[in-house]
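The structure appears below as structure tokens.
The values are calculated or read from the model by the stated rules, or taken from the named source; none is laboratory data. Everything numeric in this text was worked out from a predicted model, so none of it was measured. Quick reminder, even Gly has a Cβ in these numbers, built from the backbone with ideal geometry, and neighbours come from all protein chains shown. Note: areas computed on protein heavy atoms with side chains; ligands, DNA, RNA excluded. Shrake-Rupley method; radii C 1.70, N 1.55, O 1.52, S 1.80 Å.
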Amino acid sequence: MGNSSTKLAEKCSLLAKSEVPVVASSFKLVSKNSERIKEDDLMKFWGSQMDPRLAQYITNFLFGPLGARSPVVEFQRFAELYVYCVRGTIDERINVLLCSLGQQPESESTEIAYPLIKEYVEAVVSSYMRAIRLEGGPQYKSWESRGFRIVKDCIQKLAESLAYDVVQQGTQKVTRADAERWLHKNPTFLKMLEHVFSHLYHYRNVKNASEADGNARKSIIPQEALQSMLPYCEGLQYVPDYPAFTDLSQMLFINSNLPGTQQNKWRFLFSSQIHGESFSTLLGRIMDQGSTVVIVEDANGYIFGGYATDSWALSPNYVGNENSFLFTLRPKMRCFPTTGYNDHYQYLNLHQQTMPNGMGMGGQHGYWGMWLDSEYGLGECSESCTTYKGYFQLSATKKFNIRNVEVWGVGDKPVKEDEAVRIGPIGSSEDEKSGARSVLDGNADSKAILKMSGREQYSDGYREEPKD
């Protein structure tokens, strides 16, 4: 039966041409080159690649619920699982969900207890995090190699954040209509589901001949299946053991809420554990860096922050746009998008007598959604904030002490057009005319900070003489 799986796949109308070799090869390996798959064989092959709870849900879909289980599964059902989970319609994915939970997908009146939905979501999220770890793609390695880990408790909080609004307020039962509404507005979960099943069907468990004992196993996952919702971490090359206070589940949660154009790369800008507890140092490292993510941990272990759309700049005015948001990571994971009620998205000022001095996001003076005072170490989060929808107090107490602060640039660093023209490439005609430049040339904000802090810029007029 060497080519039986390929023939079965070619006859399956569900599969696109590009999917035939993927599903056929997976079926051949799991079935041990026969026309049917046994449950034990499936679990031996796939078991290490996913959360055990997801394994149970998959067997419910393929072999039927306990009490009505089939000893084998045919190719058609195996192909349906792949198609419905990787590129299926909302209706098809709900059918997989219902069958996995032992429910009848044909019934419109089906109601599922919320804890069952939550556990299903957690099984998918846990399997997704396992998949990206096993695949070892460049995004995952860029974080893992610098000290970031995957923490079980954070996986549970991420799953809860994805599932909490599947039920209508005041009930613990989920209807089919609830599930449809929830999936339509939950692209992050759908991407995870797609990735998990793409990983499973691409997985190849083969002997590694290079190992002396011949028993070592390895995964053969093609590059197209290595796509990750994690961004690439940039800027920690010289910090091999970064003192991370967040985990990869939390970074993924923040990244999934960013605009799509800024989800590919995070640039390390500031850490209070590395650069020191200094507001002026913080400003010097985050100004003119484009969009940023600010992450704060208070003295009580609450972790929260905000996404600032615009470059930070000293000003008495609010800046930013409606794409900004606040978030909390601990004790819960939640994202708070803008309400449109006001445009108080981000504020930064220093050494002013009549204006607040510090960094703020949301709310208004004295009633901030998140405020970091210029007197480093002090912060404030109000009980309510009209700028961000669904907001609740982010910190453990309204006024708090800071334990850690991180700032990351997201996406590419912007290049100022006037600065690019003025500075030009090294060795340009402007350089040749004026000689070597001062490190503060073209950095008006750094000069402004020096001036406001009462320090002189002694190097402003100094230039090395150009060499003959």
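What about residue 197, is it more than 14 Å from the chain's Cα centre (by Cα), surrounded by 17 or more Cβ atoms within 10 Å (Cβ to Cβ) and under 23 Å from residue 230 (Cβ atoms)?
It is true that residue 197 is more than 14 Å from the chain's Cα centre (by Cα), surrounded by 17 or more Cβ atoms within 10 Å (Cβ to Cβ) and under 23 Å from residue 230 (Cβ atoms).
Sort out which residues of the range 296-322 are touching a helix residue (DSSP H, G or I) at 6+ places or on another chain (Cβ under 8 Å) and either buried (at least 21 other Cβ atoms within 10 Å of the Cβ) or farther than 18 Å from residue 348 by Cβ (or both), and write them in order of number.
Within the range 296-322, 303, 305, 307, 312 meet the criteria.
Determine whether the range 323-332 contains at least one residue that is closer than 18 Å to residue 366 by Cβ and open to solvent by less than 20 Å² (accessible area, probe 1.4 Å).
Yes, the range 323-332 contains at least one residue that is closer than 18 Å to residue 366 by Cβ and open to solvent by less than 20 Å² (accessible area, probe 1.4 Å).
Residue 139: assigned to a helix (DSSP H, G or I), farther than 26 Å from residue 31 by Cα and open to solvent by 30 Å² or more (accessible area, probe 1.4 Å), yes or no?
Taking the combined requirement at face value, the residue satisfies it.
I need the full set of residues from the range 333-356 which are of a type in the set (S, T, N, Q) and open to solvent by 40 Å² or more (accessible area, probe 1.4 Å), in order please.
339, 352, 353, 354
Select, from 103, 172, the only residue that is farther than 17 Å from residue 247 by Cα and loosely packed, with under 15 Cβ neighbours inside 10 Å.
It is 172.
State whether one or more residues within the range 101-111 are among the hydrophobic types (A, V, I, L, M, F, W, C) and not in a loop (DSSP other than H, G, I, E, B).
Within the range 101-111, none of the residues are among the hydrophobic types (A, V, I, L, M, F, W, C) and not in a loop (DSSP other than H, G, I, E, B).
Restricting attention to the range 1-23, which residues are surrounded by fewer than 16 Cβ atoms within 10 Å (Cβ to Cβ) and touching a Ser or Thr at 6+ places or on another chain (Cβ under 9 Å)?
1, 21
Table: residues versus (1) out of contact with any Lys or Arg (no Cβ under 7 Å at 6 or more places or on another chain); (2) assigned to a loop (DSSP other than H, G, I, E, B); (3) not assigned by the TED database to the domain that holds residue 157.
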residue	(1), (2), (3)
323	yes, yes, yes
328	no, no, yes
342	yes, yes, yes
347	yes, no, yes
352	yes, yes, yes
359	yes, no, yes
379	yes, no, yes
384	yes, yes, yes
397	yes, yes, yes
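If you go through the range 62-71 one residue at a time, do you hit one that is in contact (Cβ under 8 Å) with a residue 40 or more places away in the chain and not small (Gly, Ala, Ser)?
no
Kindly provide the set of residues from the range 106-117 that are open to solvent by 30 Å² or more (accessible area, probe 1.4 Å) and over 17 Å from residue 164 (Cα atoms), ordered by number.
Passing the criteria: 106, 107, 108, 109.
Would you mind telling me which numbered condition in (1) open to solvent by less than 10 Å² (accessible area, probe 1.4 Å); (2) touching a Cys at 6+ places or on another chain (Cβ under 7 Å) residue 127 fails?
Status for residue 127: all satisfied but (2).
Looking only at the range 164-205, count how many residues are within 28 Å of residue 136 (Cβ to Cβ) and either of a type in the set (S, T, N, Q) or assigned to a helix (DSSP H, G or I) (or both).
18
I'd like to check something: does the range 90-100 contain any residue that is under 18 Å from residue 183 (Cβ atoms), acidic (Asp, Glu) and either touching a residue at least 24 places away in the same chain (Cβ under 8 Å) or buried (at least 19 other Cβ atoms within 10 Å of the Cβ) (or both)?
yes
Please verify whether the range 275-283 includes one or more residues that are touching a Phe, Trp or Tyr at 6+ places or on another chain (Cβ under 8 Å), open to solvent by 30 Å² or more (accessible area, probe 1.4 Å) and assigned to a helix (DSSP H, G or I).
yes
Please go through the range 284-321 and give me each residue that is among the charged types (D, E, K, R) and either part of a loop (DSSP other than H, G, I, E, B) or not assigned by the TED database to the domain that holds residue 259 (or both), ordered by number.
288, 310
Please verify whether residue 260 is at pLDDT below 95 and under 12 Å from the mean Cα position of the chain (by Cα), treating the condition exactly as stated.
Yes; evaluated as a whole, the condition is true for this residue.
Checking residue 288 against (1) touching a residue at least 40 places away in the same chain (Cβ under 8 Å); (2) farther than 23 Å from residue 236 by Cβ; (3) in contact with a Ser or Thr (Cβ under 6 Å, 6 or more places away or on another chain), only one condition comes out false. Which one?
Result: residue 288 passes all but (2).
Residues are listed down the side, and each one gets a yes or a no for (1) touching a Ser or Thr at 6+ places or on another chain (Cβ under 6 Å); (2) over 26 Å from residue 125 (Cβ atoms); (3) not polar (S, T, N, Q):
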{"site": "235", "(1), (2), (3)": "no, yes, yes"}
{"site": "242", "(1), (2), (3)": "no, no, yes"}
{"site": "254", "(1), (2), (3)": "no, no, yes"}
{"site": "260", "(1), (2), (3)": "no, no, yes"}
{"site": "268", "(1), (2), (3)": "no, no, yes"}
{"site": "279", "(1), (2), (3)": "yes, yes, yes"}
{"site": "283", "(1), (2), (3)": "no, yes, yes"}
{"site": "292", "(1), (2), (3)": "no, yes, no"}
